[in-house]
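The values are calculated or read from the model by the stated rules, or taken from the named source; none is laboratory data. These numbers were taken from a predicted model, which means no experiment stands behind them. We place every Cβ from the backbone using ideal geometry, glycine too, and count neighbours over all the protein chains shown.
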């Protein structure tokens, strides 16, 4: 679905807060007591294109965990800016909030891992037990997007420039809003093991 969106200066000024939300899971920790155990965790896995989010979720799904890739059709919509400053900033993807609410309100057994990287995800940070940022050096990211065969994004010079712009401007905001950051340049098995550990870990106050 393509929706025209006029991006005012005020909206641009609010972009930082939109990506960060309330820092580092503050709202979540406020409603947890020391030593609280979360038997069924809901984990958001976020990060730039090429960080390995989809690969991690695919492996978690293969191991029997419940996973949702919000890059799949129906979970997000593209909103085009009415006034675009340049080719790198023509619009943005946003979650379809009604679908995300329904997903997070579901009471299926077992941990849920959700993958995504959109500006309005911070509205739901308090619904996740953990927000995990997967990050990797720029050269690793660019090499992955060049070699991957499951996603064509990042193959053109313009798309690679967009990735570099996101690494410079968006990833720092995700870092401020996440509860955990994992080095995604490591082997996939190590990343998946860390995600499983985060989901099963006792959640304590800082």
**Request:** Please work out which residue is surrounded by the most Cβ atoms within 10 Å (Cβ to Cβ), limiting yourself to the range 114-142 and to residues that are over 24 Å from residue 78 (Cβ atoms) and touching a residue at least 40 places away in the same chain (Cβ under 8 Å).
**Result:** 132
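Matching residues to (1) over 26 Å from residue 141 (Cα atoms); (2) surrounded by fewer than 16 Cβ atoms within 10 Å (Cβ to Cβ); (3) out of contact with any strand residue (DSSP E or B) (no Cβ under 6 Å at 6 or more places or on another chain); (4) modelled with pLDDT of 95 or more:
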{"residue": "57", "(1), (2), (3), (4)": "no, no, no, yes"}
{"residue": "72", "(1), (2), (3), (4)": "no, yes, yes, no"}
{"residue": "79", "(1), (2), (3), (4)": "no, no, no, no"}
{"residue": "95", "(1), (2), (3), (4)": "no, no, no, yes"}
{"residue": "99", "(1), (2), (3), (4)": "yes, yes, yes, yes"}
**Request:** Run residue 190 past the list (1) within 16 Å of the chain's Cα centre (by Cα); (2) at pLDDT 95 or above and report the number of the one that doesn't hold.
**Result:** (1)
**Prompt:** Which of the residues spanning the range 149-161 are touching a residue at least 60 places away in the same chain (Cβ under 8 Å) and within 18 Å of residue 54 (Cβ to Cβ)?
**Reply:** 150, 151, 153, 154
**Item:** Criterion: part of a helix (DSSP H, G or I), at pLDDT 90 or above and closer than 19 Å to residue 53 by Cα - qualifying residue of 176, 181
**Value:** 176
**Fill in**
For the range 184-204, the count of residues that are outside any helix (DSSP H, G or I) and out of contact with any helix residue (DSSP H, G or I) (no Cβ under 9 Å at 6 or more places or on another chain) equals 3
